[in-house]
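The values are calculated or read from the model by the stated rules, or taken from the named source; none is laboratory data. For clarity, every value in this text was computed on a predicted model and none was experimentally measured. Neighbour counts are summed over all protein chains in view; Cβ atoms, including those assigned to glycine, are modelled from backbone coordinates with ideal geometry. We work out accessible area using only protein heavy atoms, side chains counted, and drop any ligands, DNA or RNA first. Shrake-Rupley method; radii C 1.70, N 1.55, O 1.52, S 1.80 Å.
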Amino acid sequence: MGAKIISGTEIAAQIREELKQEVVLMKEEHGLVPGLVTILVGKNPASVSYVTGKQKTAHELGFYSMQDDQPEDISEADLLALVDKYNKDPKVHGILVQLPLPKHINEKKVLNAIDPDKDVDCFHPVNVGRLVIGGEEARFKPCTPAGIQELIVRSGFETSGAEVVVVGRSNIVGKPIALIMMQKGKGANSTVTVVHTGSKSMEAHCRRADILIVAAGVPGLVKPEWIKPGACVIDVGVNRVGEKKSEKTGKMVPILKGDVDFEAAKEIAGAITPVPGGVGPMTITMLMKNTVMSAKMSIK
Ligand code: NAP
């Protein structure tokens, strides 16, 4: 029997509808509109496309949204002053500085200058620390891991007591999703194992997983025989493996593959995310969710 395909596109659309309703209510009940500012330094085409996508979504959800474009040669001091301006602006609940920044700017210094209460990407050490402590202390969750958790929960998989195996230990995906899934509480409470390039018997660990989350950036790393029959497989990897001609536009577009051998894995797994259309669409949506949460937190 083939696996259920977990559509990130559909689940993201559902969450966006819920957020739209929340924004309407917040406006009616508190006269408050969630505000998101995206700061873009330079004109890197990939970064332009990411911030445009974020602004478009924020606009569709009824946010106060603003894109602040800055020249490639902005000084670090001027960028820090800009962040400080938005830290103090009560209309802004979320500040996103698009990475990467030019080499003459210290990225860490800029990210750490964002007010933790407006750090909707959840990169600030204070928010990472809050996530480690968990419970009421936790505020934002980083966007890709938060999206992964939503995909698992909304697909009806029981997380409490489940064996979760995470492949990869990056600060953006592997470590935070491991932390999130091990928290005490709903949608988590799992027994978590993290594997990486230093792990022995990676295959044996993966085979025990009721929920297998793969974020290695290696196309086809996880083979079908590594998957426990019926498991939920979340493939975070997005790897360019070539180019093809788009049927719609006739232009060359990248061929994307995940870290899991999808075609073979879907015959064994209980549910699996596709690439593209799985985790990808969730990331921007969770950024919007964090901005709504930040606006709510600002209500005294
Ligand atoms: P990363 O920073 O390169 O980290 C990769 C992790 O995987 C590292 O911990 C590395 O182990 C581990 N790893 C690599 N090869 C391995 C192997 N052969 N066996 C075991 N472990 C291995 O990558 P990332 O930022 O976490 O991203 C991972 C993938 O997810 C990429 O394809 C990226 O494009 C994708 N991604 C997608 C989204 C989305 O929204 N869809 C968001 C973020 C990332 P070591 O620590 O031992 O080196």
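Just for strands (runs of 3 or more DSSP E) wholly inside region 194-300: which have at least 3 residues that are surrounded by 21 or more Cβ atoms within 10 Å (Cβ to Cβ)?
Details: elements: 211-214, 232-235, 239-245, 252-257.
Hits in region 194-300: 211-214, 232-235.
Enumerate the pairs (first residue in region 192-220 and over 19 Å from Ala264 (Cβ atoms); second residue anywhere and assigned to a loop (DSSP other than H, G, I, E, B) and within 10 Å of the ligand (Cβ to nearest atom)) with beta-carbon separation below 6 Å, excluding pairs fewer than 6 apart on the same chain, so at least 6 apart or on different chains.
That search, which allows pairs on different chains as well, returns Val194/Arg169; His196/Arg169; Ala215/Gly168; Ala215/Val173; Ala215/Val236; Gly217/Gly237.
How many of the residues in region 102-117 are open to solvent by 10 Å² or more (accessible area, probe 1.4 Å), in contact (Cβ under 8 Å) with a residue 24 or more places away in the chain and under 23 Å from Thr285 (Cα atoms)?
Residues flagged as open to solvent by 10 Å² or more (accessible area, probe 1.4 Å), in contact (Cβ under 8 Å) with a residue 24 or more places away in the chain and under 23 Å from Thr285 (Cα atoms) within region 102-117 amount to 2.
From Val167, Val173, Val120, Val153, which residue is at pLDDT 95 or above, crowded, with 20+ Cβ neighbours inside 10 Å and touching a Gly at 6+ places or on another chain (Cβ under 6 Å)? Lay out the reasoning, then the answer.
Numbers: Val167 fails: touching a Gly at 6+ places or on another chain (Cβ under 6 Å); Val173 fails: touching a Gly at 6+ places or on another chain (Cβ under 6 Å); Val153 fails: crowded, with 20+ Cβ neighbours inside 10 Å.
Answer to the selection: Val120.
Just one of the numbered conditions (1) over 29 Å from Ile234 (Cβ atoms); (2) surrounded by fewer than 17 Cβ atoms within 10 Å (Cβ to Cβ) is not true of Leu40; which one?
Status for Leu40: all satisfied but (2).
When you scan region 35-119 for helices (runs of 4 or more DSSP H) that lie fully inside it, which ones turn up with 2 or more residues that are within 17 Å of the chain's Cα centre (by Cα)?
Values: elements: 45-60, 76-88, 107-113.
Those helices (runs of 4 or more DSSP H) span 45-60.
Any idea how many residues of region 141-179 are outside any helix (DSSP H, G or I), more than 16 Å from the ligand (Cβ to nearest atom) and either of a type in the set (D, E, K, R) or touching a Pro at 6+ places or on another chain (Cβ under 9 Å) (or both)?
Counting residues in region 141-179 that are outside any helix (DSSP H, G or I), more than 16 Å from the ligand (Cβ to nearest atom) and either of a type in the set (D, E, K, R) or touching a Pro at 6+ places or on another chain (Cβ under 9 Å) (or both) gives 2.
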